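Chemist: Mind having a look at this structure? Questions to follow.
The values are calculated or read from the model by the stated rules, or taken from the named source; none is laboratory data. Keep in mind the model is a prediction, meaning the values are calculated, not measured. A quick note on method: Cβ atoms are made from the backbone with ideal geometry, for glycine too, and the neighbour counts reach across all protein chains shown. Surface accessibility is based on the protein's heavy atoms, side chains included, excluding ligands, DNA and RNA. Shrake-Rupley method; radii C 1.70, N 1.55, O 1.52, S 1.80 Å.
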Amino acid sequence: MATFDDVLMNIGGFGQYQKMIFFLTYLTTVVFSYLYVGFVFLAVTPDHWCQSPGVSELRENCSWSLEQEKNYTLPLGRSGSSSYSQCERYDVDWNSSSGSCENPLQFVQNGSRDLPLTTCQDGWVFENGSSSSIVTEFKLVCADAWKLDLTQACLNLGFMFGSIIMGYTSDRFGRKFCFLFATFVTSVSGLLLSFSPSYIWFVIFRTLQGLFSRGGWLCANVLITELVASEYRRIAGIGNQLSFSFGIILLPAISYIFPAWRNFQLAITIPNFLFLTYYWLIPESPRWLLSQKKGAEALKILQQVAKRNGNTLSLKPETITIDKNGEKVNRSSIIELVRTPQMRKHTLILMVNWFASALVYQGLVMRLGTLGGNIYLDVLISGAVEIPASVLNLFVIERIGRRLPFAAGGLLSGGSCLVAVFIPENISWLKTAVTCLGKLGITMSFEMVCFVNMELYPTYLRNLAVSVCSVLSDIGGIVSPFIVYRLAAIWGEMPLVVFGVIGLIAGSLVLLLPETKGLTLPDTIEDVENIRG
């Protein structure tokens, strides 16, 4: 009997055939990043203020500049702000008011509170030249600003349930089938999203995308990890992150070419339809086929891999086993994740880090849309700083180990966020640089948490442990938009304070985990309990 890993090494553990499949799968990762990060461009919030009946006519008659119009007709923001209110206006009927163009109302001085105020009952005026976004079209500002948070939260809610559902169906019906089905639903949902007639339909289609997109993407990634020898799986993970980062780098260019949100949504959706051609280009996982007693089909694929890699395979299906022992040793259960002291500690720390990684990563990305700077340049830099994080992980985890780089990523992100809070706004370049350093750190941490998660659990619990612990990343994604948008409305730097504290806590907890560098993957709970380091 030969194990599946032995067969892979004989026919090419990471040959030309696998590299081709990796390349095709990495293209899906590039496009998946658009769904994850593209919200920054879909939800651009330009400067806005209340629309007042009669003001536009008054401005035209008096030949006011925009600044003069605001000065004469808008109250200042609350709490002594020097900017004009975006959500309130004077409760005045400008069509019937008396006064001159120099002083339209005798008792209105700049910023006076003598007049009663009212909400933007007649809608909003958005800054001239601003591109169409879901904010401007569906009026997601002021009292309805929370709806913006909800759209991203619903996407992450879809991620959470979709990953669990697709994980189960992938084990039952195959990696390739689930990937193609999820790709089809994601593509159609994205297409319908670009034609959403209302906010409600936007949320429905956005949630559908979440339910199938990440689950399908994970199916594709499970497929490629099962197609290479175990020693090359680390490369698969790092390559995926590099592809994700490359997608973020390309995203500003797409948004610049297609600034209106509906056109932008179409541009990032159409490539998904091309992935349906993978029906003819990628194989089913031979490891999964063997687990389903479909040895003949698995052997056919393995022979195809061998031929493309310049090798030959002359085994019979019944001589290949996917398990070194040829049998199941234990049955997985969620209770096993917390039954013993070490397992309980590992599960708690990893859950905290999954939550923190997603919360801080997604929060720093979404925060770019609230800064009011050059959003194209900010997102470009944000994607570019992720590449060094992947390269660093690739070189240090086999030399230094897992624990220190993992902890350093969390501590770096938390520390950078807190330092950025105290950098004055007039030194914006330094503030941006320090925040990008935090993005680099949390990217390192995000990559490491999945890798370490797989190494700290026994074989029969490994997939379940990753699935259960990673649910916390979706919860972090759900919470993140509310922190970014609602806390920033109270104080612009408040989100950074929250991200900083959470990052420091998560990074510090990692130091309590054992070092797994050079250790054989555990097969039993006893193996886990005896890990020291």
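Chemist: Mind listing whichever residues of region 393-422 are under 22 Å from LEU359 (Cβ atoms) and aliphatic (A, V, I, L, M)?
Modeler: ALA407, ALA408, LEU411, LEU412, LEU418, VAL419, ALA420, VAL421
Chemist: Show the residue pairs that are 6+ apart or on different chains and have beta-carbon atoms under 9 Å apart, the first residue being within region 1-14 and modelled with pLDDT under 75, the second being surrounded by fewer than 19 Cβ atoms within 10 Å (Cβ to Cβ) and part of a strand (DSSP E or B).
Modeler: Pairs found: MET1/THR321; ALA2/THR321; THR3/THR321; PHE4/THR321.
Chemist: I'd like to check which helices (runs of 4 or more DSSP H) are fully inside region 246-327 and have at least 2 residues that are modelled with pLDDT of 85 or more and open to solvent by 40 Å² or more (accessible area, probe 1.4 Å).
Modeler: Those helices (runs of 4 or more DSSP H) span 261-274, 278-281, 295-308.
Chemist: Restricting region 433-442 to residues that are in contact with a helix residue (DSSP H, G or I) (Cβ under 7 Å, 6 or more places away or on another chain) and under 16 Å from LEU368 (Cα atoms), which is surrounded by the fewest Cβ atoms within 10 Å (Cβ to Cβ)?
Modeler: Looking at the filtered set, the residue picked out is LEU437.
Chemist: Shifting gears a bit: What residue, among those in region 20-52 that are farther than 23 Å from LEU380 by Cβ and at pLDDT below 90, is surrounded by the fewest Cβ atoms within 10 Å (Cβ to Cβ)?
Modeler: GLN51
Chemist: Looking at region 91-113, which of its residues are farther than 21 Å from SER63 by Cβ and modelled with pLDDT of 65 or more?
Modeler: ASP91, ASP93
Chemist: If a residue has to be modelled with pLDDT of 90 or more and either open to solvent by less than 50 Å² (accessible area, probe 1.4 Å) or on the phi > 0 side of the Ramachandran plot (or both) to count, how many in region 159-177 make the cut?
Modeler: Result for region 159-177: 1.
Chemist: Further question on the same structure: Looking only at residues in region 328-364 that are at pLDDT below 85 and among the hydrophobic types (A, V, I, L, M, F, W, C), which one is surrounded by the most Cβ atoms within 10 Å (Cβ to Cβ)?
Modeler: This residue is LEU337.
Chemist: Only one of VAL419, VAL449 is part of a helix (DSSP H, G or I), open to solvent by 10 Å² or more (accessible area, probe 1.4 Å) and touching a helix residue (DSSP H, G or I) at 6+ places or on another chain (Cβ under 6 Å). Can you tell me which?
Modeler: VAL419
Chemist: Please enumerate the residues belonging to region 168-196 that are outside any helix (DSSP H, G or I), closer than 20 Å to ALA267 by Cα and over 21 Å from the mean Cα position of the chain (by Cα).
Modeler: Correct list: PHE195, SER196.
Chemist: Taking the conditions exactly as written (among the β-branched types (Val, Ile, Thr) and under 19 Å from VAL510 (Cα atoms)), does VAL452 satisfy them or not?
Modeler: Answer is yes for this residue.
Chemist: Taking PHE202, is it open to solvent by 10 Å² or more (accessible area, probe 1.4 Å), touching a helix residue (DSSP H, G or I) at 6+ places or on another chain (Cβ under 8 Å) and among the aromatic types (Phe, Trp, Tyr)?
Modeler: Judged against the criteria, PHE202 is not a match.
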